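Here is the structure we will look at.
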Amino acid sequence: MNTIPDINIVPFISVDNMMKLVLKVGIDTFLRELAGVIEEDFLRWETFDKTPRIASHSEEGVIELMPTSDGKLYGFKYVNGHPKNTRQGRQTVTAFGVLSDVGNGYPMLLSEMTILTALRTAATSAVAAKYLARTDAKSMAIIGNGAQSEFQARAFKAILGVDQLRLYDIDPAASLKCQRNLEGQGFSILICKSAEEAVEGADIITTVTADKQYATILTDNMVGPGTHINAVGGDCPGKTELHRDILLRSDIFVEYPMQTRIEGEVQQLPSDHPVTELWQVMSGLADGRKTDRQITLFDSVGFAIEDFSALRYVRSKLAATGFYERLDLLADPDEPRDLYGMLLRCEASMLSTSPQKIVS
Ligand SMILES: NC(=O)c1ccc[n+]([C@@H]2O[C@H](COP(=O)([O-])OP(=O)(O)OC[C@H]3O[C@@H](n4cnc5c(N)ncnc54)[C@H](O)[C@@H]3O)[C@@H](O)[C@H]2O)c1
């Protein structure tokens, strides 16, 4: 059994260890437990420091920092979004994050978050759908069958029992990849030739495409009464997926309005258009779905508290699983003010072992 190292050694979860951790826990259990931690943190929403994420935009994409704190722990994620990356064999989204102790400011965890972001996004989508989709929902269209898509499918099945999938992607190879990856995992899967075909009869529509523009993945005529829309791909200024008319027919639910109004589908609407905060629905302070004919829309952009929950969750798994490395990230001189002396002692020890290698 491993124990978490002393505070001067920071546990680091590499991609390799994250995969082992997720598989050791089990993908379904991981998604369910993570969803539970996300709900727990949404239920204490008011205790967190909140700010829209800090975004640095370029022609090619965006790099964002997502900080938050509950007063005891502080977390942030670095994440990018570069839709053109896949053409060069790179991921559209990559991420890493840090969790720190507010009391002394020391990092307590450094983790890969590319895989963890896919898991937390999917878990958050499924938690939202738990409150917003019809309770008899069994089928889901997934439009955009890239890196996030299988995670969305797994979370909706693990948390809500949604097991009928209708896939569509402009690149048929992406849908085939998604189908192949989900084989033997309890889904019935239909690959569709168009987005129109994919949404036919679907109880839930997940849009998770990547394109840096105002796209129209869904038009108004494609969305029937009672549908829940899980709009994941529109998450940047100038990057949306739904026709504006759909928004006008939907009840819109968001994570943090100040961020979503900049980045989400609602950037297409006036800044006072009514939206409901998801945490308020979870807390019973606001209504979720009221009727079977209502169209509900989760305008997901991804908020820092979900990443905080994810970091908090994976850190709680470290001692039992041991899937981390010990990172020498924090200087630790014997006398805290003698940082320079520590450097001199290092020089002396290097000179005594290999004098020729020191360059002055
Ligand atoms: N809301 C959140 O919390 C959150 C979290 C992670 C990622 N995202 C967003 O989700 C999106 C997908 O991420 P990914 O990592 O899966 O990207 P990806 O590049 O791996 O996959 C995107 C897929 O969308 C397809 N696509 C593009 N335009 C399409 C269209 N018009 N119709 C159908 N398919 C289309 C592409 O062919 C590709 O297969 C990105 O825009 C990303 O920014 C959101």
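Within segment 146-165, being out of contact with any Lys or Arg (no Cβ under 8 Å at 6 or more places or on another chain) and either away from the ligand (no atom under 16 Å from the Cβ) or farther than 28 Å from V98 by Cα (or both) holds for K157, L165. Condition check for E183 on (1) surrounded by fewer than 18 Cβ atoms within 10 Å (Cβ to Cβ); (2) under 24 Å from P83 (Cα atoms): one failure, at (2).
Residues to consider are Q179, Q185; find the one that is more than 30 Å from Q280 (Cβ to Cβ) and in a loop (DSSP other than H, G, I, E, B). Criteria check complete, one pass: Q185. All of (1) of a type outside the set (V, I, T); (2) farther than 30 Å from Q185 by Cα; (3) at pLDDT 95 or above hold for E60 with one exception: (3).
Residue check: is G184 at pLDDT 95 or above and either more than 13 Å from the ligand (Cβ to nearest atom) or within 29 Å of T291 (Cβ to Cβ) (or both)? Spelling it out, G184 is indeed at pLDDT 95 or above and either more than 13 Å from the ligand (Cβ to nearest atom) or within 29 Å of T291 (Cβ to Cβ) (or both). Among the conditions (1) under 27 Å from E40 (Cβ atoms); (2) under 19 Å from the mean Cα position of the chain (by Cα); (3) at pLDDT 95 or above, G288 misses just one, which is (2). The lone criterion from (1) more than 9 Å from the ligand (Cβ to nearest atom); (2) crowded, with 24+ Cβ neighbours inside 10 Å; (3) among the aliphatic types (A, V, I, L, M) left unmet by I143 is number (1). Of the listed requirements (1) closer than 27 Å to L65 by Cα; (2) part of a loop (DSSP other than H, G, I, E, B); (3) touching a residue at least 12 places away in the same chain (Cβ under 8 Å); (4) of a type in the set (D, E, K, R), E306 misses just one: (2).
Of all residues in segment 71-91, those satisfying the criterion of being in contact (Cβ under 8 Å) with a residue 24 or more places away in the chain and surrounded by 18 or more Cβ atoms within 10 Å (Cβ to Cβ) are L73, Y74, G75, F76, K77, V79, G81, P83. A single entry from A310, A210, A231 fulfils the requirement of being assigned by TED's automatic domain parsing to the domain that holds V22, within 15 Å of the ligand (Cβ to nearest atom) and in contact with a helix residue (DSSP H, G or I) (Cβ under 9 Å, 6 or more places away or on another chain): A310.
Please verify whether R166 is among the basic types (K, R), under 20 Å from M222 (Cβ atoms) and not assigned by TED's automatic domain parsing to the domain that holds T29, treating the condition exactly as stated. Judged against the criteria, R166 is a match. For N104, the conditions (1) over 26 Å from V199 (Cα atoms); (2) within 12 Å of the ligand (Cβ to nearest atom); (3) not aromatic (F, W, Y) are fulfilled apart from (2). Among the residues of segment 107-139, those identified as within 30 Å of H228 (Cα to Cα) and either away from the ligand (no atom under 14 Å from the Cβ) or of a type in the set (F, W, Y) (or both) are K130, Y131, L132, A133, R134, T135, D136, A137, K138, S139.
Filtered by the rule that a residue be touching a residue at least 24 places away in the same chain (Cβ under 8 Å), out of contact with any Leu (no Cβ under 9 Å at 6 or more places or on another chain) and over 21 Å from L218 (Cβ atoms), segment 169-198 gives K177, N181, Q185, G186.
The values are calculated or read from the model by the stated rules, or taken from the named source; none is laboratory data. Here the structure is a predicted model, which is why all the values come from computation and not from measurement. Neighbour counts run over all protein chains shown; Cβ positions are idealised from the backbone, glycine included.
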